[in-house]
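Undergrad: Below is the structure I would like to discuss, written out as structure tokens.
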Amino acid sequence: MKKKILIVVANYYKDISDGLIRSAKGSLKETFDLISVPGVFEIPIIIAKNINKYDGFIALGCVIKGETPHFDFISKATIYGIMKLSINHKKPIGNGIITCLNRKQALARRKKGQEATLALLSVLNQKKK
């Protein structure tokens, strides 16, 4: 049976998020919907609002370190929010949010969407023992 997936993508760095989406969709045969948000911080709330409508989620986005601690706060809060949702609702969330020190690193990691998709599908397809 096909699973219903929601991809939530942060478009703050549009060229990077477009690459993440392409790589995620390349490994996804399941039915999916796509919702765009301004930044990664908004991803957990969109997943929370849709938690009962989908079998699994893929979170995509990018955070690039600047000169302030903002990078640390946003990255930690977002990842924690995603993990908490996944555990509390027993729904898998593929994490394709990349955290990089600079734009060059981010561009090199745009295939992380595929890794997040494959991880999600692996969990969704686990057989109960």
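Undergrad: In whole percent, what relative contact order does the chain give with Cα contacts below 8 Å and a gap of six or more residues? Intermediate values should be presented prior to the final figure.
TA: Details: 236 pairs, mean separation 42.5, N = 129.
Averaging sequence separation for qualifying contacts and normalising by length gives 33 percent for the chain.
Undergrad: Out of Ile46, Ser122, Ser75, whose Cα points farthest toward the positive end of the dipole of segment 4-124 (charges: +1 Lys, Arg; -1 Asp, Glu; placed on Cβ)?
TA: Ser122
Undergrad: Place a point 7 Å from the Cα of Ser27 along the Cα-to-Cβ direction; which residues of segment 54-96 have their backbone N under 12 Å from it?
TA: In segment 54-96, the label zone of Ser27 (backbone N under 12 Å from the point 7 Å along Cα→Cβ) covers 94-96.
Undergrad: Would you kindly derive the ³J(HN,Hα) couplings of segment 28-35 from the backbone phi angles with the Karplus curve 6.51 cos²θ - 1.76 cosθ + 1.60 (θ = phi - 60°), listing them in order in whole Hz, with x for Gly and Pro?
TA: These are the phi-based 3J(HN,Hα) values: 10, 9, 6, 5, 9, 10, 10, 10 Hz.
Undergrad: Could I ask something else about it? What order do you get for 90-100, 19-29, 71-81 when each peptide is scored by the mean count of other beta carbon atoms within 10 Å, highest first?
TA: With the highest mean Cβ count within 10 Å placed first, the list reads 90-100, 19-29, 71-81.
Undergrad: Amide H to amide H, which residues 5 or more places from Glu30 or on other chains are under 5 Å from it, using H placed in the peptide plane?
TA: When sequence neighbours closer than 5 places are left aside, there are no close amide H contacts.
Undergrad: Rg (Å, one decimal) plus Dmax (Å, integer) for the alpha carbons of the chain?
TA: Radius of gyration, then largest Cα-Cα span, for the chain: 14.0, 49 Å.
Readers should treat all values here as calculations from the given coordinates under stated rules, not as data from a laboratory. What you see is a predicted model, and the numbers here were worked out from it, not measured in a lab. Note that we place each Cβ from the backbone using ideal geometry, even for glycine, and neighbour counts take in every protein chain shown.
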